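**Student:** Structure incoming, see below.
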Amino acid sequence: MSGGPSGATRVSPDGKWWWDGTKWVPMPGTSPNPQALHEPTSQLPVPYQPAAYPPSVYVYGPRSNSLAVASLIFGIISWFLCPFVGGLLAVILGHVAKSQIRRSGEGGGGLATAGLILGYIHLAAFALVAIFWILILGGGLAILSVIGTLPTPTPTP
């Protein structure tokens, strides 16, 4: 191609640029340097712009102790399905899990603590309900036994 646009080339709508087949170049009359049309244009390096956020990295933590998970599960289940046994298992498994976590450095200490808390609260609630019913039933039986030993009035003639 020559130094200017030919009939087969395209000119930009503002008339300042023309397509030489590979790139847009300025029109010959608008360029301050006429040699610039014949020299290949160099691509300037794009300055480095840091990303808005650093790339995400997935970090693996320590494995959770399986007995800690079981303690939490039994602590939750004790409130819905098996009252006394679930709370007892939650407390036992929670203490065993805590000792294993101290020895091995595994994760799951919070799970074991949550299982212990749920288990202890449930066992305390179960004990209070049991004591309440024993007092109610025991007190009722005591009243009945006292009433049964009272002398019954006999009719007088």
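**Student:** Could you count how many residues in region 47-89 are in a loop (DSSP other than H, G, I, E, B) and surrounded by 20 or more Cβ atoms within 10 Å (Cβ to Cβ)?
**Tutor:** Count: 2.
**Student:** Got at least one residue in region 3-16 being assigned to a loop (DSSP other than H, G, I, E, B), at pLDDT 80 or above and surrounded by 17 or more Cβ atoms within 10 Å (Cβ to Cβ)?
**Tutor:** No, the conditions are met nowhere in region 3-16.
**Student:** Kindly provide the set of residues from region 114-132 that are under 19 Å from residue 64 (Cα atoms) and surrounded by 17 or more Cβ atoms within 10 Å (Cβ to Cβ), ordered by number.
**Tutor:** Answer for region 114-132, where residues must be under 19 Å from residue 64 (Cα atoms) and surrounded by 17 or more Cβ atoms within 10 Å (Cβ to Cβ): 114, 115, 116, 118.
**Student:** Then there's this: Taking region 90-113 only, how many residues are surrounded by fewer than 20 Cβ atoms within 10 Å (Cβ to Cβ) and not in a helix (DSSP H, G or I)?
**Tutor:** Residues in region 90-113 being surrounded by fewer than 20 Cβ atoms within 10 Å (Cβ to Cβ) and not in a helix (DSSP H, G or I): 3 in total.
**Student:** For region 35-49, state whether one or more residues are at pLDDT 60 or above and in contact with a helix residue (DSSP H, G or I) (Cβ under 9 Å, 6 or more places away or on another chain).
**Tutor:** Initially, region 35-49 is screened for residues at pLDDT 60 or above, giving 43-49.
With in contact with a helix residue (DSSP H, G or I) (Cβ under 9 Å, 6 or more places away or on another chain) added as a condition, the list becomes none.
Looking through region 35-49, none of the residues is at pLDDT 60 or above and in contact with a helix residue (DSSP H, G or I) (Cβ under 9 Å, 6 or more places away or on another chain).
The values are calculated or read from the model by the stated rules, or taken from the named source; none is laboratory data. As the structure is a prediction and not an experimental result, all values here were calculated from the model. FYI the Cβ positions are ideal-geometry reconstructions off the backbone, even for glycines, and counts take in every protein chain you see.
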